[in-house]
Amino acid sequence: MGLCESDTLREQALSEYNRKLQKGEECDFDNIYNRLLKLNGLPPIEPTKKTAESETEKEIEPIDDKQRYFWWKFHHNFFDDIAVKRLSKQKEGDTLILLYIKLINISLKHNGYICYEGTGLDLIDELTLYLDRDIEMCTNLISQLEQYNLIELTNDKKVICIKAFNTYTGADDVKTRMKNSRERNKQVKN
């Protein structure tokens, strides 16, 4: 079997892998590719080894929007939270609260983290672009949120972790959304 046939098998494996992901099934590309190679009499490839460092990085990699639906839980007592009340008492407090909500929104794709991507001088400079605010406002926002224990700066101030991310957000995959939709439709019919 020549190189072209091996490339064809790789593309078939990739196609099958993507199809399974779209259905919401758990799958591993290496397993699919090795199975196809074995069926065609070729030796399997070595699976990629995951180190502790790569698993840590995987936690803050972007989540594929095609596979997930995000939602925001705006609790009735959001403004009664002590930290949010303290923010509202600050100069331009309403703006700080709005920017905090925007930060939560920005962090959705990274599961509660906002990472320095190198487009600005530092993380605060990048936030000025994301939030469309000046550097003083973003510096004040980050210091206030950190002071009130709403965020945590990690990795030499290159990553922001939203502490209450799981309280305010959620995500469903396609399979879960379809299952919930069918259950709702059954309840409506009954």
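R35 exposes around 100 Å² of accessible area when a 1.4 Å probe is run over every protein chain in place. Net length available on complete extension from I45 to M178 is 44.3 nm, with 0.36 nm assigned per residue and the Cα-Cα distance removed. Modelled spin-label separation between T167 and S15, with each label point placed 7 Å from Cα along the Cα-to-Cβ direction: 4.9 nm. Would you mind pulling out the separation of the Cα centroids of the stretch 85-163 and the stretch 174-190, in Å? If you average the Cα positions of each part, the centres end up 37 Å apart. For GluC sites (Glu not before Pro), no site in the stretch 132-183 is both called loop by DSSP and has at most 13 other Cβ atoms within 10 Å. Net length available on complete extension from E136 to K186 is 12.7 nm, with 0.36 nm assigned per residue and the Cα-Cα distance removed.
Projected label points at L153 and K73, each 7 Å from Cα along the beta carbon direction, are separated by 3.0 nanometres.
May I ask which of K102/K163; K102/K186; K85/K163; K89/K163 have a Cα-Cα span longer than 26 Å here? Intermediate values should be presented prior to the final figure.
Working: K102/K163 14 Å; K102/K186 36 Å; K85/K163 17 Å; K89/K163 21 Å.
In this structure, K102/K186 lie more than 26 Å apart at Cα.
Given +1 at the Cβ of Lys and Arg, -1 at the Cβ of Asp and Glu and no other charges, the dipole of the stretch 88-190 around its Cα centre is 1060 debye to the nearest 20.
The values are calculated or read from the model by the stated rules, or taken from the named source; none is laboratory data. Keep in mind it's a predicted model, so treat the numbers as computed, not measured. Because the Cβ atoms are built from the backbone with ideal geometry, glycine has one as well, and the counts that use them run over all protein chains shown. Each accessible area value is taken on the protein alone, full model and side chains, heavy atoms only, with ligands, DNA and RNA left out. Shrake-Rupley method; radii C 1.70, N 1.55, O 1.52, S 1.80 Å.
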